[in-house]
Structure formats: C-alpha cells, structure tokens
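Q: This structure is in structure tokens; I'll ask about it shortly.
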Amino acid sequence: MRTVGFGLQICLLLFLTTLASLAAESPGTLFRQGTEAYRAGEYTVAAKAFRQSAALAPASGTYQNLGLAEWHRGRVGPAILAWEQGLWVNTFNAAPRHSLQYARKTAQLESPALAWYEVVSTWLPLNWWTWIAGGSFWVAVGVATVPAMFRRRKAGWHQAVAAFGLMVFLLSLPALLGVHTRSKIGFILQRETPLQLTPTREGQVITLLSPGEPARVESARGEYLLIKTNRGRGWIPKELFGRVAS
C-alpha cells in the first residue's frame, strides 16, 4: 500500500510540474516576457520570447513586436519577415504595414510583386477566404437541393440565394489561388546572401542578395531552395531564407 501511495505522489508531482512548465511557456507569458525585455532595451531576449510566443500561437501583434525587436538589433531581413507574417495572419492590422513601409524606404528595398489575384487575396485574412468559399458553396447546394428532397416547390428566392451563393463561391476562387501562390513568397535573412547557379557549396555565385529582399520559392533540393528574385533565379541555403507561410 505504501508503494502504491508513493507512486501516486510521484505521478501527482510530475503532473503538477508539467502544468507549471506549460504555464511558464504559454504564449501569453512569453509575450509579457518579450514586452518587458523590449522596454528594458534587451532586444535579443525580446526577439526570442516573441518568436517562441508566435510559434505557439501565431498573432499579428506578436509578429509586429518581433519585427520591432529584430529591427532594433539591426536584423533587417528577420524584421521584414516578421512584419509580413503579421499581415499574413491579419491583413486588418495596420501596424505591420506601416512598419514595412518605413523599413523598405529606409533600406531601399522593394515589395513583393503580386499578381491581381494575389492582391485580391490580401483584402481579407487568409482564413476568411476558406470560410467564404466553403460557406457560399454549401449555401448554394443546400438551397438548390433541400426543397426537392422535401418535395417542395422552389420559390423565386431559392433560386436567387442559390445563384448568389454560387457567384460568391466563384469570385472567391481567385483569392484562394492568390493565398496559395503567396505562400511561396519569402525574404532573404542575411547580408550578402549568395545566389548560386547550382545547389552545392561550390556553386558559382550569380549575385549577392540583400536582407529583406523578396523572392519566390520554385522548388527544393536537399538543403537548398530554388528561388526567383527581381535580380535573377538561383539556389540559396534554406537557413538563409524565411517564408511568410512558415
């Protein structure tokens, strides 16, 4: 009996320790730690806390603060990536957009070139487009089929609602395509990142890329990514590139 009681005490202790550990590493706790460190001018500590918080619970405000901490550290690439991720999560948050405008003007960097359907996809948060497409599709299907299932005559408003739902669904498809293609956009993280002709350490260097410079991922091979930038197309190591949709 003593052995059983001792075992229960050990299990309870482990359970309480786990709960305490989870509480200490919660997104809210990490965010507060990052905020306190940022106010104290400890930007490296703040950036680490904000990055951990965003990894557990992605939030536009967290990415905004992460970008500010990285900017104060002189890390232009990670700062721009963080602000772009803030817009990716919530396009209605104006703070990352203003930060990006200031950073790009200061560092003389270009914004990613977007197709028209990618621009449309930025009008609403990315999850909204999925809900709009799914909801409008099933509204159109439901209104068109439910009356027949119950052997009821379709009214004029049934057809109008079904047509409206189908129209919304079709209009949301380009935005969904834009979300998909925008997920391949990323940014150079370090200074003088070599863009190589081949995915090898000995690959010929085509040009050197600046931190915060936008690019699109076309494919991957081992530890290298094939990217396309405004200055050329080539390979770079994965660790030197950050994708918005990480």
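Q: Considering only region 211-236, state which residues are more than 22 Å from residue 103 (Cβ to Cβ), among the small types (Gly, Ala, Ser) and surrounded by 14 or more Cβ atoms within 10 Å (Cβ to Cβ).
A: Matches in region 211-236: 234 only.
Q: Going by the conditions given, is residue 42 among the charged types (D, E, K, R) and either within 24 Å of residue 119 (Cβ to Cβ) or modelled with pLDDT under 95 (or both)?
A: Answer is no for this residue.
Q: I need every pair where a residue in region 228-246 that is without any contact (Cβ under 8 Å) to a residue 12 or more places away in the chain has its Cβ under 6 Å from the Cβ of a residue that is surrounded by 14 or more Cβ atoms within 10 Å (Cβ to Cβ), sequence separation at least 6 or different chains.
A: Every condition considered, no pair remains.
Q: Identify, by number, the condition in (1) of a type in the set (A, V, I, L, M); (2) within 21 Å of the chain's Cα centre (by Cα); (3) not in a strand (DSSP E or B) that residue 170 doesn't meet.
A: With (1) of a type in the set (A, V, I, L, M); (2) within 21 Å of the chain's Cα centre (by Cα); (3) not in a strand (DSSP E or B) applied to residue 170, the lone miss is (2).
Q: Still on this structure, I have one more. For residues in region 107-133 being over 21 Å from residue 81 (Cα atoms) and loosely packed, with under 13 Cβ neighbours inside 10 Å, which is modelled with the lowest pLDDT?
A: Once the filter is applied, the top-ranked residue is 131.
Q: If you don't mind, there's one more thing I want to ask. When residue 200 is evaluated against the numbered criteria (1) outside any strand (DSSP E or B); (2) without any contact (Cβ under 8 Å) to a residue 40 or more places away in the chain; (3) in contact with a strand residue (DSSP E or B) (Cβ under 9 Å, 6 or more places away or on another chain); (4) surrounded by 19 or more Cβ atoms within 10 Å (Cβ to Cβ), which criterion, by number, is the only one it fails?
A: The number of the failed condition is (4).
Q: A further question on this structure: Cβ contacts < 6 Å: first residue without any contact (Cβ under 8 Å) to a residue 40 or more places away in the chain, restricted to region 124-140; second residue assigned to a helix (DSSP H, G or I), any location; separation 6+ or different chain. Result?
A: Between residues of region 124-140 that are without any contact (Cβ under 8 Å) to a residue 40 or more places away in the chain and residues that are assigned to a helix (DSSP H, G or I), the close pairs are 136/165; 136/168; 136/169; 137/169; 139/165; 140/162; 140/165; 140/166.
Q: Let me ask you something else. Any idea how many residues of region 57-83 are part of a helix (DSSP H, G or I) and closer than 19 Å to residue 182 by Cα?
A: First, the residues of region 57-83 that are part of a helix (DSSP H, G or I): 60-72, 76-83.
Checking which are closer than 19 Å to residue 182 by Cα leaves us with 60, 63, 77-83.
Residues flagged as part of a helix (DSSP H, G or I) and closer than 19 Å to residue 182 by Cα within region 57-83 amount to 9.
Q: Then there's this: Looking at the structure I just gave you, is residue 172 polar (S, T, N, Q), surrounded by 14 or more Cβ atoms within 10 Å (Cβ to Cβ) and out of contact with any Pro (no Cβ under 9 Å at 6 or more places or on another chain)? Spell out the reasoning first.
A: Working: polar (S, T, N, Q): yes; surrounded by 14 or more Cβ atoms within 10 Å (Cβ to Cβ): yes; out of contact with any Pro (no Cβ under 9 Å at 6 or more places or on another chain): yes.
The answer is yes for residue 172.
The values are calculated or read from the model by the stated rules, or taken from the named source; none is laboratory data. The shown structure was predicted, so the numbers you read here are calculated from the model rather than taken from an experiment. Counting neighbours? That spans all protein chains shown, and the Cβs are built from the backbone with ideal geometry, glycine included.
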